[in-house]
Every structure is written in C-alpha cells, then in structure tokens.
Amino acid sequence: MNNDGELYSSHDHEQKVDVNYFLSTYWNLLKWKNNENVLDVGAATGDVTTEILLPRLPTDLKKIVGVDIEEDLVSFAKRKFKHVSKADFVVLDIASRTVPEEFYEHFGHIFSFNCLNWVPKERHEQAMRNIYDMLQPGGQLFAAIVSNIAIYDIYENMARENKWQRFFTTVENYVSIYHHSADPARKLVDFLKKVGFVIDACKIEDRTRTFPTLLYYKNWAKSVNPFVKYLPEDQVYDYIEDFCRESRKHEIYTIEDDGKESIRLNYQILVACASKPENIS
Ligand SMILES: C[S@@+](CC[C@H](N)C(=O)[O-])C[C@H]1O[C@@H](n2cnc3c(N)ncnc32)[C@H](O)[C@@H]1O
C-alpha cells in the first residue's frame with residue numbers, strides 16, 4: 001500500500017463506515033473470555049484499531065495490538081495513539097514464516113479489515129496459519145477482505161499500458177486472490193478449514209461508496225494505491241489522472257446530463273468469522 005500515514009488517515013472515513021457496519025452486523029457471533037488480548041492485522045495508521053474497534057471491546061481487555069507490514073505506518077500509529085494506554089503497534093508481516101514467540105496462542109480474538117486481500121496467492125495459506133497459531137484455543141478470527149472491486153481491473157488495465165508497464169510488473173500480487181474467483185466465499189472457507197478453523201459465518205457483503213468530490217476520490221485512490229510509492233515523483237500526477245480516466249470507463253466517475261459529477265464505487269467484501277477449536281486433538 002502507499003505508506004503515507006497522513007494521507008491514509010485523512011481519507012479513511014469510508015473504511016470506518018464499513019468496519020462499523022460489519023462489527024454491528026456480526027457482533028453477536030463473537031464469544032468473549034475474561035481479560036483477553038486482541039490483535040488487529042493490517043492496522044495501518046491505527047485509526048480503525050483505536051477509534052472503531054477498541055471502544056466496542058470488553059472493558060476488561062488487557063491489550064489491543066495493531067500489526068502492519070509497513071514500518072512507516074506503524075511509527076505513525078505509535079505517535080498518533082501514544083496516549084491510548086491499552087493500544088500497542090508492532091511491525092509484522094502476517095504471512096511471515098513464523099509468528100513472534102510472544103504472540104503464539106496469545107490472542108482471544110484477531111480482527112483484520114481490508115488487509116488479507118493484500119496477501120498474494122502463494123502466501124495466503126501461511127497468513128491464515130499464522131492467525132490460527134496466534135489465537136488461543138477457543139479464540140476467534142473476524143475478517144473483512146476485499147473480494148471484488150473495479151479498482152483491481154483498473155490496476156490490471158493500466159499495467160498493460162506501455163506508459164506504465166515497467167512500474168507494474170507484479171500487478172497480480174496487488175489484486176485480491178478472491179477478485180477473479182467464481183466462488184470467493186468457498187475459496188476463503190477452504191483456506192480457513194485447511195489450517196484448522198471451524199466456520200461461524202462467511203458471507204459476501206455488497207457495499208457502495210460515494211465520494212464527495214473528484215479531488216477526494218483522487219486522494220483516496222492515491223492513499224490506497226500500491227504503485228504510487230514506486231513512481232518517480234514527477235509522474236504521480238499523470239498516473240492519477242490516467243487512473244481517473246480509467247475510472248470513467250468503469251463508470252465509477254460519471255458526469256450526469258445536468259453537468260453534476262458523481263463518483264460511486266460498488267464493491268464486494270468477504271466477511272468471515274471463524275473459531276479455533278477449544279480442544280485440539
Ligand atoms: C487498506 S489498509 C487497511 C487498514 C485498516 N485495517 C482499515 O481498515 O482502515 C491495508 C493494510 O494492510 C497492510 N498489509 C498489507 N500486507 C500485509 C501483510 N502481509 N502483513 C501485515 N499487514 C499488511 C498494509 O500495509 C495496509 O496498512
């Protein structure tokens with residue numbers, strides 16, 4: 001992802017709306033024990049971790065830890081939320097070959113919002129296995145994963161253009177492995193079951209996002225774009241303009257007959273809740 005914490009943090013309102021909706025809808029599936037530690041995987045700037053998730057957690061919570069692969073974002077979160085004594089932020093690649101020893105069976109619940117879609121095919125099972133290993137027996141995973149969104153088609157189209165090709169040779173690593181799947185929920189369930197989870201729920205949620213202005217859309221697109229950080233600075237503007245041109249082809253950005261701009265993005269999120277069995281044979 002782009003590692004500009006300030007930009008992400010000022011354009012994550014819609015992500016927060018989604019997370020609030022998912023937590024309200026599925027909260028009754030979560031079963032709590034006393035004094036749990038909780039993990040948020042892919043915490044980025046820590047806004048969702050501390051402002052949306054933390055206030056909902058049981059008051060006897062020991063600690064919430066937000067992890068992210070991007071060091072810059074973890075430093076940003078540490079600075080921004082240093083006053084939140086129950087929150088801590090740590091650099092961790094969720095698909096790394098092993099989990100830190102101190103995290104092994106340490107968490108009662110692990111949440112992850114819009115992160116596992118960033119983990120490519122060949123590392124996906126490892127990420128699921130690590131989550132499973134970090135949960136205590138009887139613990140639960142609650143994940144929201146982007147499965148289908150026109151932004152991925154735009155990345156793929158732009159990666160084929162002569163102008164941008166050389167910057168995006170590994171575009172497939174940035175497209176959710178569920179995006180081209182005929183049955184994304186089945187695919188996720190298979191991954192979860194393979195590492196030992198029991199499925200409590202797995203569903204596709206249709207969502208729509210309306211952006212207030214074209215400038216906001218451009219900045220949002222920039223804040224979540226994985227390629228911007230690899231572009232020479234003098235080409236970023238041109239890239240984002242081309243991104244908007246592509247967005248018009250996908251009817252995300254349209255101009256109505258009366259001249260009014262409309263920027264609406266329809267997408268699908270996979271929401272899953274899964275438990276690690278209490279007694280593992
Ligand atoms: C779109 S952001 C979501 C942030 C936050 N959860 C939210 O809902 O606003 C996705 C985050 O996942 C992180 N990420 C991507 N791959 C990761 C990995 N392998 N391990 C840990 N974090 C990862 C990115 O750095 C980024 O901060």
Residue check, TYR8 against (1) of a type in the set (Phe, Trp, Tyr); (2) surrounded by 14 or more Cβ atoms within 10 Å (Cβ to Cβ); (3) without any contact (Cβ under 8 Å) to a residue 40 or more places away in the chain, all met but one. Which one? (3)
Restricting to segment 49-96, name every residue that is more than 19 Å from GLY108 (Cβ to Cβ), crowded, with 24+ Cβ neighbours inside 10 Å and near the ligand (Cβ under 7 Å from one of its atoms). ASP68, LEU73
Counting just the residues of segment 159-196 that are at pLDDT below 90 and hydroxyl-bearing (Ser, Thr, Tyr), which one comes out farthest from PRO232 (Cα to Cα)? THR170
Of the residues in segment 197-225, how many are among the basic types (Lys, Arg) and touching a strand residue (DSSP E or B) at 6+ places or on another chain (Cβ under 9 Å)? 3
Taking segment 247-281, which residues are crowded, with 19+ Cβ neighbours inside 10 Å and assigned to a helix (DSSP H, G or I)? SER247
Positions within segment 172-213 being over 17 Å from the mean Cα position of the chain (by Cα) and assigned to a loop (DSSP other than H, G, I, E, B), in sequence order: HIS180, SER181, ALA182, ASP183, GLY196, PHE197, PHE211, PRO212, THR213
Going by the conditions given, is GLY108 modelled with pLDDT of 95 or more, within 24 Å of TRP32 (Cβ to Cβ) and more than 9 Å from the ligand (Cβ to nearest atom)? yes
Counted residues in segment 2-33 being touching a strand residue (DSSP E or B) at 6+ places or on another chain (Cβ under 9 Å), part of a loop (DSSP other than H, G, I, E, B) and within 11 Å of the ligand (Cβ to nearest atom) come to 0
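The values are calculated or read from the model by the stated rules, or taken from the named source; none is laboratory data. Computed from a predicted structure; not experimentally measured. Cβ atoms come from the backbone with ideal geometry, glycine included; neighbour counts cover every protein chain shown.
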